[in-house]
Amino acid sequence: MKRDRGVLLAVSILVALCIGPIVVSGHALVIDYRVDSICVEAYYGGMEPTPVQYADVEVFYPDGRLYIEDKTDKDGMFRFDPKFEKEWLVVVESTGHKDELTINMTATGGMKTQGVGESPLYLRVFAGLGYLLGILGISLWYKSYKQDRKSKDR
């Protein structure tokens, strides 16, 4: 019985230590876009997304030349009119956080593309399950520890 608790505790700690660093991101800079002109939205991801206010925005031609340099508004939004179909590189930077997004007007037809700094959904789900299993393991260990002490006191 004691051996099982020790194994459960060891596995719980191992899972928490292995999975923990993957998810640890207080907030990640995330940018999205819509096609009316091109509307770029920058926000810090996390439990409650927060707009990146007045962040520096640079939009580059496919050959790397600067097309537009501006700032996001108070809602983390930035709009520009591309005037022709091309691939655009949008770079948003604010207080040490930086992300970039490639918008291919000809290939995606206005669909979203994933930013560079964003981790895939399956990885975030897996990491969340790891945390839950770790918490469950620690709580089960504590419960059995209390029962064992209570039985010894009798």
**Number of the exception - LYS74 against (1) surrounded by fewer than 16 Cβ atoms within 10 Å (Cβ to Cβ); (2) modelled with pLDDT of 85 or more; (3) outside any loop (DSSP other than H, G, I, E, B)** = (3)
**Item:** Some residue of region 89-107 being at pLDDT below 85 and among the basic types (Lys, Arg)
**Value:** no
**Prompt:** Among the candidates GLY115, GLY134, GLY64, which residue alone is out of contact with any Pro (no Cβ under 7 Å at 6 or more places or on another chain), at pLDDT 85 or above, surrounded by 15 or more Cβ atoms within 10 Å (Cβ to Cβ) and outside any strand (DSSP E or B)?
**Reply:** GLY134
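The values are calculated or read from the model by the stated rules, or taken from the named source; none is laboratory data. None of the values given here were measured: they were computed from a predicted structure. Every residue, glycine among them, receives a Cβ derived from its backbone with ideal geometry; neighbour counts consider all protein chains shown.
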